[in-house]
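The values are calculated or read from the model by the stated rules, or taken from the named source; none is laboratory data. Remember, it's a predicted structure, so these values are computed and weren't measured experimentally. Cβ: placed from backbone, ideal geometry, glycine included. Neighbour counts: every protein chain shown.
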Amino acid sequence: MKFLYDFGYLTGSIHEWLSARMDPPVVTLVETIIVAVCFMILFAVLGLVLVYAERKISAFFQQRLGPMRVGKWGTAQTIADVIKLLFKEPLVNKDADKFLFNLAPYIIMISAFLAIAALPFAKGLHALDFDIGIFYVSAVSSLGVIGILLAGWSSSNKYSLIGAMRSGAQIISYELSVGLSLLTIIVLTGSLQLSTIVESQADGWWIFKGHLPAVIAFLIFMIASTAETNRGPFDLAEAESELTAGFHTEYSGMKFAFFFLAEFANMFIVAAIGATVFLGGWMPFYIGGFTGFNAVMDFIPPIFWFLGKVAFMIFMMMWFRWTFPRLRIDQLLTLEWKYLLPINLVNIVVMAFIGLMGWHF
Amino acid sequence: MKEIEEQEIQELESQEYFINMGPQHPSTHGVLRLVLSLDGEIIRKVEPHLGYIHRSIEKMCEHDSYQQIIHLTDRMDYLSCHMLNEAVCLGVENGLEVEIPERVKVIRTIISELTRLSSHQLWWGVMGMDLGAITTFLYGFRDREMITDIFEETCGARLTMSYNIPGGLMFDIHPNFQKRTKDFIVHFKKKLPEYDKLLSDNVIFRERTRGIGVLSKEDAISYGVTGPSGRGSGFSCDVRKHNPYSAYPKVEFREILREEGDCFARYKCRIDEMWESLNIIDQLIDNIPEGDYKVQTRTVIKLPKGEFYQKVETARGEFGVYIISDGMKSPYRLKFRSPGFSNLSALDKMSRGCKIADLVAIMSTLDLVIPDIDR
């Protein structure tokens, strides 16, 4: 069970085992394939687990049971739905731009794949560790908006187009807030590398160490990242009661499922970034002086710490979605440009001052 | 050069385009078709196209006996079916000049108010859902379920009850009726503040509804917008107050009036009306007089020659029945004045210059039921 605490043992032994049998280029190729397969499996599992979680959590908020029929406690419901979607006919609108229409879901999926590859899951379980990790993740995750715009444009449906335009305005605006709120913490870490950021929190998470500005940054990050993933109360791009289904009105079958899956993957990605930067990534929770307590915390493997924090963030996002009414497009943009962005800029200056003076813990 | 630039600017200026909202759309709540003329997201004009659920109920009434007409009225505004039944019954009873027992009047009033509550609960749930808060829908239905259970026990039907007949009620109330209604009142008085907590006090909700879709008092009167929608603009139009019928003269209640005329005023009117309905039921539930539950009328009712009009207050506003009788067993001509139709006519006035999202909010605060509009 040693590898649960440090995945370096596992990955190292696999590497040694392969190196003993193959040439170095082949080893690299095989390892790349293994990693890619792992991420694909992760994607599938994420889809299954998060869709089930969303159903059960929304049921909990709405005083009902949620899926109960397929499998014990309805656990196989998502699998049944995927099978249904696989058998559905992929309809294409007569006037649609077929090439772009078919391309759009893949762009969204690709952007989610690219972003998820750079996340530090646990000690030694980190596929891509750039020195510009945060920058990379926020850059590739914003590629998704191109997919949404293409979907809306190529569907030849006015509802889709309105949804896509809304989504474009929304994601481009809120990208700023996500970036700036992350920068607030990066001022203290002095590095964009995700592994360094996690290690810098070994003695305490940034949300506790960074005083009030860190808390403000965290709140802004929660709001902005919910908006960036197009989830309620910011789900204007889909806005069921206004635009029927927004940018994916015309999609059916597996292409629709891709949009759906990408939404959940994006939710996982922003939750993971938030957990990594603000909540200490896979670092356990320590209280200074409580050695017994800290030892117990150490006993929980890092991967569970990471997944627990991500689950907490995702739960918060689902809580938002099932509680709040939706904003209007002008209110959404007002919130970003008139409130979040100025607060963020001031917050960064305050944080830089704190960092300069060395007032943080 | 300058001319070309100006021409380019003119070409680049946004053009109006049209969107068919409905007949199949999640927030038109039925088969209403709105042709929106849009400039970007801003609405320039709203044109309702009706007729997708027209069943010519008024024409059918000309061939049916007065007992049968009751069942047709259920199918119009299905959420306030009891009041519509009552309107026809009261009209026929006036024509026949029969005296209705006090017991019938009180029971009719209690059930009317329960129907109003159930309609408003459903409206509240749908209102939240239209604005994106899906959870309210299920909360509204949770409480509505108790009322429909009471109805089911009383007359066997949950939605289209047809409990009234000319001359009284179809059956007497169930022995459990008073107890269950009281249980419901206790339950709902606890839950109604929850409605405020979840939706009315929410910042986003207030921003979405305040100052949106303003309808002035003059416009409300000239368009004939009645019910909570009209009272939200300060138009005092409660039939229960101005032309009391059944047991309403005996009970004390407030007519909810608000001056603002925006979506939030209309919303708040309905929420306050729920409190008033609870208040009315409170006053009556322990004082149901003993007596007959119906007066025996002839099997074939023939109204005397003449014209009869009766209006009642449904959950959506003033509902009128205009009967012209030539002395035969079915009316010569029958006209329904449905509140939904007049309320819808003000939609264009209210939503010009708003955004699509506002239109959805305005439509929910008008509380449209499409079969009521089309008939």
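Quick one: count up the residues across the stretch A:335-350 that are within 14 Å of chain B (Cβ to nearest Cβ) and farther than 15 Å from residue A:172 by Cβ.
So the count comes out to 2.
Show me the helices (runs of 4 or more DSSP H) found entirely inside the stretch B:148-243 where at least 2 residues are at pLDDT 85 or above, within 30 Å of residue A:335 (Cα to Cα) and touching a helix residue (DSSP H, G or I) at 6+ places or on another chain (Cβ under 8 Å).
By residue number, B:177-195, B:203-209.
Which of the residues that make up the stretch A:208-251 are within 14 Å of another protein chain (Cβ to nearest Cβ), part of a helix (DSSP H, G or I) and acidic (Asp, Glu)?
A:240, A:242
When you check residue B:313 against the structure, is it in contact with a helix residue (DSSP H, G or I) (Cβ under 9 Å, 6 or more places away or on another chain), crowded, with 24+ Cβ neighbours inside 10 Å, closer than 30 Å to residue B:209 by Cβ and charged (D, E, K, R), yes or no?
yes
Can you report the number of residues in the stretch B:350-375 which are more than 14 Å from chain A (Cβ to nearest Cβ) and either in contact with a strand residue (DSSP E or B) (Cβ under 8 Å, 6 or more places away or on another chain) or more than 28 Å from residue A:161 (Cβ to Cβ) (or both)?
8
Being within 30 Å of residue A:84 (Cα to Cα), away from chain B (no Cβ under 14 Å) and surrounded by 22 or more Cβ atoms within 10 Å (Cβ to Cβ) is the requirement here; does residue A:267 meet it?
In short, yes.
Only one of (1) within 14 Å of another protein chain (Cβ to nearest Cβ); (2) surrounded by fewer than 14 Cβ atoms within 10 Å (Cβ to Cβ); (3) part of a loop (DSSP other than H, G, I, E, B) is not met by residue B:55, so which one is it?
It is condition (1) that residue B:55 fails.
Looking at residue A:283 and the list (1) within 30 Å of residue A:155 (Cβ to Cβ); (2) away from chain B (no Cβ under 14 Å), which single condition is not satisfied?
(1)
Counting only residues that are within 19 Å of the chain's Cα centre (by Cα) and surrounded by 17 or more Cβ atoms within 10 Å (Cβ to Cβ), which one in the stretch B:11-52 is farthest from the other protein chains (Cβ to nearest Cβ)?
B:48
Of the residues that sit in the stretch B:130-139 and are assigned to a helix (DSSP H, G or I) and free of Cβ contacts under 8 Å to residues at least 24 places away in the same chain, which one is farthest from the other protein chains (Cβ to nearest Cβ)?
Per the stated criteria, the residue is B:137.
Is it the case, given these coordinates, that residue B:150 is farther than 28 Å from residue A:58 by Cα, within 13 Å of chain A (Cβ to nearest Cβ) and in contact (Cβ under 8 Å) with a residue 24 or more places away in the chain?
Against the criterion (farther than 28 Å from residue A:58 by Cα, within 13 Å of chain A (Cβ to nearest Cβ) and in contact (Cβ under 8 Å) with a residue 24 or more places away in the chain), residue B:150 does not qualify.
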